[in-house]
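Only the coordinates and a few stated rules stand behind these numbers; no lab work does. The model shown is predicted, which means the values in this text are computed figures rather than measured ones. Cβ coordinates were reconstructed from backbone atoms using ideal geometry, including for glycine residues, and neighbour counts include every protein chain displayed.
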Amino acid sequence: MMQIGPFRSILFKNVEDSARTTTSEAPIFFVDLNLDQVIDAITAGKQEYDLRPFYHTPLHELDAVAYRHEVMRDLEDKALYEMIASFGRKMRDMRERLAQADKLHYKYQKESWFLSAVEVYCDCVSRLAEDLSQADLKSRGFLALRAFVADYVASARFTTLVAETQKLKADLATVRYCILIKGNAVSVRKHAGESDYSADVERTFAKFKQGAARDYTVRLPMWLEMNHVEAQVLDMVARLYPDIFARLDEYCARHHNYLDETIGVFDREVQFYVAYLEYAALFKRAGLNFCYPQVTADDKAVYDDDGYDLALARKLIGEQKPVIRNDFYLQGQERIIVVSGPNQGGKTTFARAFGQLHYLASLGCPVPGREARLYLFDQFFTHFEQAENLQNLHGKLEDDLVRIHEILAQATPHSIIIMNEIFTSTTLQDAISLGKKVMEQISARDLLCVCVTFLDELAALDEKTVSMVSTVAPDDPTVRTFKIVRRPPDGLSYALSIAEKHGLTYRQLREPGGGA
């Protein structure tokens with residue numbers, strides 16, 4: 001039987017985990033994996049919630065991942081999703097009213113906007129409690145939230161807030177007054193039952209109306225901020241009704257901290273799920289799969305069927321171009337995927353997709369693909385080719401060696417490494433020698449790794465190494481299929497790369513001036 005504890009967070013199973021989301025600094029590997037583009041797209045339009053720290057903080061416990069899977073599955077129910085979306089809209093309305101109150105200058109106008117914000121909050125939370133009571137919930141997160149909200153709306157704190165808000169709104173609605181203007185003098189007195197002649201005038205002249213008439217009424221500017229005359233009129237009205245306005249002053253002072261902290265945290269955290277589901281829907285509409293991966297912390301036999309690079313897929317969808325999907329799997333003692341093949345064949349895209357899949361799985365999110373089993377890492381490292389740094393006085397090869405040494409010094413058997421085109425600045429024989437030494441260190445540490453390389457010799461290092469190759473069209477080797485298949489290297493990738501670099505491929509030689 002599922003154990004439902006007290007509600008603290010819809011995003012974190014353990015409250016201590018939430019304390020780690022204090023930075024908006026993205027992990028250093030984000031750019032290499034194009035995860036910066038992915039997170040930018042997910043959080044677009046939701047800057048007010050500051051969701052980036054959540055997406056920058058991977059989980060390290062399987063049950064924490066399962067907790068988010070449960071919540072995400074609940075939210076895939078359209079009825080519940082719309083309930084939460086409605087809650088979010090009302091809470092945004094509340095915040096906008098509070099923000100407007102802060103911008104205003106005159107006391108009673110500020111208090112009016114504050115009262116309006118509290119009224120929206122009371123309605124919003126009451127509606128949330130009612131909606132959750134009727135929802136078919138299965139996740140620990142939402143079940144605990146339902147219990148919390150039910151207790152909160154029944155508490156003396158909330159019921160008192162609702163009652164006082166309704167009473168004050170009703171009392172303020174009874175305030176009626178007349179403005180008397182004589183020359184430059186303006187006076188205010190209580191309304192004494194005088195008739196409103198404007199309605200009578202409209203009725204009298206309605207019978208003379210023939211067709212559409214030109215509107216000669218003066219449109220007054222709809223400024224939210226009162227001018228000084230309006231403010232003085234309101235001050236005089238307050239003196240006419242001292243008891244009501246004194247209670248308004250006291251209400252605003254006493255309820256300035258009306259927003260329950262847990263409700264406020266939920267309002268922000270639940271947008272993590274809403275934003276991701278909205279993002280995933282874009283791909284699903286294009287016919288691409290998302291799945292809830294099986295996440296493991298001990299078995300490194302990982303796989304994904306029909307996976308793809310999210311950043312590239314989003315671009316291709318916008319251009320109405322097809323998205324190529326690829327599979328991978330590791331079994332038994334296999335740990336390292338060596339990807340070889342011709343330039344521009346999708347090798348780096350495949351490596352990025354591998355990294356994106358594992359990172360998104362560590363966030364407790366559905367991932368691209370039809371079915372997946374992924375590893376819950378402790379640290380993630382990437383080594384992608386970088387331009388030579390002229391400030392550190394190192395050569396490019398030395399920079400590569402320093403970076404790889406730092407990675408291996410920090411990595412544990414539970415880490416993942418993705419390397420893309422290492423040691424391209426040295427000779428072929430030196431690149432092979434250095435590449436083998438690095439791969440041997442990775443293998444000895446039992447790390448999961450994807451290595452993109454032109455060095456076919458790395459593809460058969462040991463029993464932990466698997467070869468995958470980017471393929472070309474059978475009838476035209478110059479046409480890339482962008483499919484990455486599991487098979488031994490064909491020995492042509494490095495030669496083809498060199499030929500392309502020097503303009504000596506068949507296609508390049510056929511072009512005017514080719515081979516010159």
Legend entry - Size of electric dipole in the chain: Cβ of Lys, Arg +1 and of Asp, Glu -1, about Cα centre, debye, nearest 20: 1780 debye
Inset, instruction - Mind checking which aspartates and glutamates have their Cα closer than 19 Å to the Cα of Lys107? Skip sequence neighbours fewer than 8 apart in that chain. - result: Glu96, Glu119, Asp171, Glu225, Glu230, Asp235, Asp243, Asp249, Glu250
Legend entry - Extension gain (nm, one decimal) between Asp63 and Gln429, 0.36 nm per residue minus Cα-Cα: 127.0 nm
Legend entry - Dipole magnitude of the stretch 286-510, debye to nearest 20 (Cβ charges: Lys/Arg +1, Asp/Glu -1, about Cα centre): 580 debye
Legend entry - Local electrostatic count at Val120 - Lys and Arg +1, Asp and Glu -1, tallied over other residues with Cβ under 12 Å: +3
Inset, instruction - Starting from the Cα of His405, step 7 Å along the direction of its Cβ; do the same at Gln333; then give the gap between the two resulting points in nm. - result: 3.0 nm
Legend entry - Computed over the chain: relative contact order in percent, which uses C-alpha pairs under 8 Å that are six or more apart: 16 percent
Legend entry - Relative packing of peptides 477-484, 77-84 - highest average C-beta neighbours within 10 Å first: 477-484, 77-84
Legend entry - Net +/- balance of residues flanking Ala156 in space, Cβ distance below 15 Å, scoring K and R +1, D and E -1: -1
Legend entry - Cα-derived Rg over Rh, computed across the chain with Rh taken as Kirkwood radius: 1.15
Legend entry - Net length gained if the chain between Ser24 and Ala473 were fully extended (0.36 nm per residue, minus Cα distance): 157.2 nm
Inset, instruction - List Asp200, Asp74 from most exposed to least, where exposure is judged by having the fewest other Cβ atoms within 10 Å. - result: Asp200, Asp74
Legend entry - the stretch 75-203: relative contact order in percent, alpha carbon pairs under 8 Å with at least 6 residues between: 17 percent
Inset, instruction - Excluding residues fewer than 8 places away in the same chain, name every one of the lysines whose C-alpha is closer than 24 Å to that of Lys300. - result: Lys347, Lys436, Lys437, Lys464, Lys483
Legend entry - Stretchable slack from Glu261 to Ile179, in nm (0.36 nm times residue separation minus alpha-carbon distance): 25.2 nm
